[in-house]
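For reference, the structure is listed below as structure tokens.
The values are calculated or read from the model by the stated rules, or taken from the named source; none is laboratory data. The model shown is predicted, which means the values in this text are computed figures rather than measured ones. In this analysis, Cβ positions are derived from the backbone assuming ideal geometry, glycine residues included, and neighbour counts consider all displayed protein chains.
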Amino acid sequence: MKIRILLSIVGLGFLAACSAGSGNNLDTQEEKIRQMISEMTLEEKIGQMQQVNDGFFGDDEATKQAIREGKVGSFLNMIEPDRIAEFQKVAIEESKHGIPLLFGRDVIHGFRTIFPIPLGMASSWEPELAEKAMRIAAIEASSMGINWTFAPMMDVSWDPRWGRIAEGCGEDPLLTSEFAVAMVKGFQGDLNDPTAVAACAKHYVGYGMSEAGRDYNTTYIPEPLLRNVHLRPFKAAADAGALTFMSAFNDLNGVPTSGNEFTLKTILRDEWGYKGMVVSDWGSIEEMINHGFAADKKQAAGIAVKAGVDMEMATTCYADNLAQLIKDGAISEEQINDRVANIIRVKMEMGLFKKPYNSFVSADTILAPSHLEMSREVARKSMVLLKNNNSTLPLSKNIRSLAVIGPLADAGRDQLGTWIFDGNGDDSTTPKQAFGEILGSRMNYVDGLEYSRDKSTKGFAQAIAAAKNSDAVLFFAGEESILSGEANARGIIDLPGIQTELIAELKKTGKPLILVVMAGRPLGIGAEMDMADAVLYAWHPGTMAGPAVADLIFGDFSPSGKLPVTFVKGAGQIPFYYYRKNTGRPATENDVVYIDDIPRDSKQLSLGFKSMHIDYGVTPLLPFGFGLSYTEFKYENLKLSSGEMSKDGSITLSADIRNVGNFEAEEIVQLYVHDKVGSITRPIKELKGFKKINLKPGDKTTVNFDLNAKDLQFFNGDAYVIEPGDFEVWIGPNSDEGLKGTFVLK
Ligand code: NOJ
């Protein structure tokens, strides 16, 4: 990769003004911050607390004047490097205190080179990959002048209706935490480097629990659940050095998260000692009026400042009201000073006072071949094989003819997924292109449906004919990117439109039927899975979707992804997550009486008084952690270094994994624990570790996990505790299967 640093105009004047930069010399840095604040007027301090969208002040001259006067601390959605350099020059050389600006942008899963949606990346269970991917995203974004991104998103969600499930890492707090840390590291890299982009841990907190999966909706999360699940990725990100946090949109237990003293002050600042900066989500301070938590913008500003929101995104509750709130005695200038200190600290940690303001990496790094290669690798490793009857896959590249059908086989923009402000569909290699390149005239391509919601059957006949004339059928099903992401919640999570009808028609041809599903959420695809011989869940795979799908379909690599979220049979089963509680009336599949089997004249009061659905039963469509491979792995020989663990000790668990199939492949080995009795009830399983291995046919390896007593800690409503007692433990290929052992915590 070619990195060229542009140093044509170097503003050195400010170097003398502030030489602290991203130093370890914290005392000096804090002193400088406080000194600077003591020299600022109240208006200048409030200016630092304002983030505005590009164009907010009018034309560029008006913008420069506002910067000179210290009316703004950050811009979002400005992406021209020359303009950014010019504005930064004005901030540093012409504003009174020479405080640099932050230029923020949503770079969620890539800048121009787009990687799979985060839920897809999480399916790789390889956080190191996400770190590499987000490093590339930072290199590309910083070449455009961006020095701050609003990512990673680490909202744990159990709800596939919620469109933003696409942006997170699924349902598990450990997996999400590991990815959050990796992405923070990837974005920020070395803060002294011109390619560093400040990360933002969002959306703090609980936003993924929006009722009914309807975006921006109310959330109720009891404190044990908040601490044991939802706060964990944020704590991990804070510990990993995430420079900023974003307060969310949601009302949490009656208090909007952008005015929530418990989460923003008690937990984030007092318990965790977080020294970074908190930005509100777009308009979320003002939205406290709609929540019914503030009567007007002035009250909203006071609430947010007191809770600890340092910077306001987009709206102007702060700019318009903070001075008056101080005059009224509702807040103190000292409170403002603390907020501003957090902002200046981040700018110093980023080295912005020291860095030449236009030291951007050359834009010719964008879409560099190495970036595209990484995008292809991550995409390949993010796809999950859900079914493969009779080894339908892989296909031979010598296949006589292959029908490639479906609305998402040639949708360059949609394969990129949600939140890709700077992604460009024209950069994509689609499956149609990739398969066409490999097969030439042996590919029979027909779209069948123009798009996922198309309700016209006019393309069916041609699609059926193509299937009949081919040796196998590859159908690209799913949903376009607009059907997931922010605000794009669905109440029905099935395949949209009449894709299922077309799949049924293709099935009738008797040809091997392979589904590739591209989607931003786990869809309810039980019926389609029943019809298909093989199903590959590809999520929205990004720029290199086509080559990545081809790599797997033709067996250049085995699929290795595993589900980071439970797949439900239908929306009525939501929420269904693997670490659920047991209930007092647990049912097994044997207990279930299905609705069709209930006699019409049944006089029974109940069907067994058990916790079950008489239509869905008690199992999900697919469990968390599930994913098939072209080979078969055998798990054997579970060993525990001891059957007892002391309260501050640890044990080692191991299992032998053998590749008993015919294909070299990667396997994600998972460790689960069940705490049998607790001072509050405990989940039936909790993921405590995972490791990826690669085995050639016939090879075997021993996978070890160290489990510490500390890993068994949980919050019980009063305190974090490690409670003695009996534990069950599994090493397995998913949350439903595995070798089981037991130990006692003394
Ligand atoms: C609102 C979204 O919730 C947030 O994720 C995003 O970063 C901001 N808008 C800025 O675009």
Is there any pair linking a residue in the range 566-587 that is closer than 19 Å to residue 490 by Cα to one that is in a strand (DSSP E or B), with Cβ under 6 Å and at least six apart or on different chains, and which?
-> 567/622
Looking at (1) part of a loop (DSSP other than H, G, I, E, B); (2) crowded, with 21+ Cβ neighbours inside 10 Å, which is the only condition residue 394 fails?
-> (2)
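Looking at the range 260-284, which of its residues are in contact with a helix residue (DSSP H, G or I) (Cβ under 8 Å, 6 or more places away or on another chain) and in a helix (DSSP H, G or I)? Give the derivation first.
Kept after step one, since they are in contact with a helix residue (DSSP H, G or I) (Cβ under 8 Å, 6 or more places away or on another chain), are these residues of the range 260-284: 260-261, 263-265, 268, 272, 274-278, 280-281, 284.
Selection gives 261, 263, 264, 265, 268.
Select from the range 140-156 the residues that are assigned to a helix (DSSP H, G or I) and in contact with a Lys or Arg (Cβ under 9 Å, 6 or more places away or on another chain) and write down the one among them that is nearest to the ligand (Cβ to nearest atom). Spell out how you get there, then give the answer.
Our first condition is that a residue be assigned to a helix (DSSP H, G or I); within the range 140-156, this holds for 140-142.
The next check asks that each one be in contact with a Lys or Arg (Cβ under 9 Å, 6 or more places away or on another chain); those that pass are 140-141.
Working: 140: 18, 141: 14 Å.
My answer is 141.
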Of all residues in the range 285-299, count the ones that are within 16 Å of the ligand (Cβ to nearest atom) and assigned to a helix (DSSP H, G or I).
-> 3
Count - residues of the range 182-225 that are of a type in the set (Val, Ile, Thr), free of Cβ contacts under 8 Å to residues at least 40 places away in the same chain and not in a strand (DSSP E or B) = 2
Out of curiosity, is residue 408 modelled with pLDDT of 95 or more and surrounded by 23 or more Cβ atoms within 10 Å (Cβ to Cβ)?
-> yes
Residue 159 over 17 Å from residue 191 (Cβ atoms), more than 15 Å from the ligand (Cβ to nearest atom) and outside the structural domain of residue 412 (by TED's automatic domain parsing) | yes
Would you mind stating whether residue 213 is in contact with an Asp or Glu (Cβ under 6 Å, 6 or more places away or on another chain), within 14 Å of the ligand (Cβ to nearest atom) and modelled with pLDDT of 95 or more?
-> no
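With a cut-off of at least 3 residues that are crowded, with 22+ Cβ neighbours inside 10 Å, touching a residue at least 60 places away in the same chain (Cβ under 8 Å) and more than 16 Å from the ligand (Cβ to nearest atom), name the helices (runs of 4 or more DSSP H) lying wholly within the range 26-139.
Details: elements: 26-38, 42-48, 60-68, 81-89, 118-123.
In the range 26-139, the matching helices (runs of 4 or more DSSP H) lie at 42-48, 118-123.
Any residue that is within 16 Å of the ligand (Cβ to nearest atom), closer than 30 Å to residue 78 by Cβ and not assigned by TED's automatic domain parsing to the domain that holds residue 106 - is there at least one of those in the range 423-433?
Initial filter on the range 423-433 (within 16 Å of the ligand (Cβ to nearest atom)): 423.
Next cut, closer than 30 Å to residue 78 by Cβ only: 423.
Filter again for not assigned by TED's automatic domain parsing to the domain that holds residue 106, leaving 423.
Yes, the range 423-433 contains at least one residue that is within 16 Å of the ligand (Cβ to nearest atom), closer than 30 Å to residue 78 by Cβ and not assigned by TED's automatic domain parsing to the domain that holds residue 106.
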Tally the residues that are within 16 Å of the ligand (Cβ to nearest atom) and either in a helix (DSSP H, G or I) or not charged (D, E, K, R) (or both), restricting the search to the range 231-259.
-> 16
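Provide a single number: the residues in the range 462-492 that are in a loop (DSSP other than H, G, I, E, B), away from the ligand (no atom under 16 Å from the Cβ) and surrounded by 24 or more Cβ atoms within 10 Å (Cβ to Cβ).
So the first thing to find is which residues in the range 462-492 are in a loop (DSSP other than H, G, I, E, B), and the list is 469-471, 479-480, 484-492.
Narrowing further to those that are away from the ligand (no atom under 16 Å from the Cβ): 469-471, 479-480, 490-492.
From what is left, the residues that are surrounded by 24 or more Cβ atoms within 10 Å (Cβ to Cβ) are 479.
So the answer is 1.
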Could you grab me the full set of residues in the range 308-351 that are away from the ligand (no atom under 16 Å from the Cβ), among the charged types (D, E, K, R) and in a loop (DSSP other than H, G, I, E, B)?
-> 328
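With respect to residue 678, is the statement that it is of a type in the set (Gly, Ala, Ser), crowded, with 17+ Cβ neighbours inside 10 Å and either within 20 Å of residue 578 (Cα to Cα) or outside the structural domain of residue 722 (by TED's automatic domain parsing) (or both) true?
On the way: of a type in the set (Gly, Ala, Ser): yes; crowded, with 17+ Cβ neighbours inside 10 Å: no; either within 20 Å of residue 578 (Cα to Cα) or outside the structural domain of residue 722 (by TED's automatic domain parsing) (or both): yes.
No: the conditions fail for residue 678.
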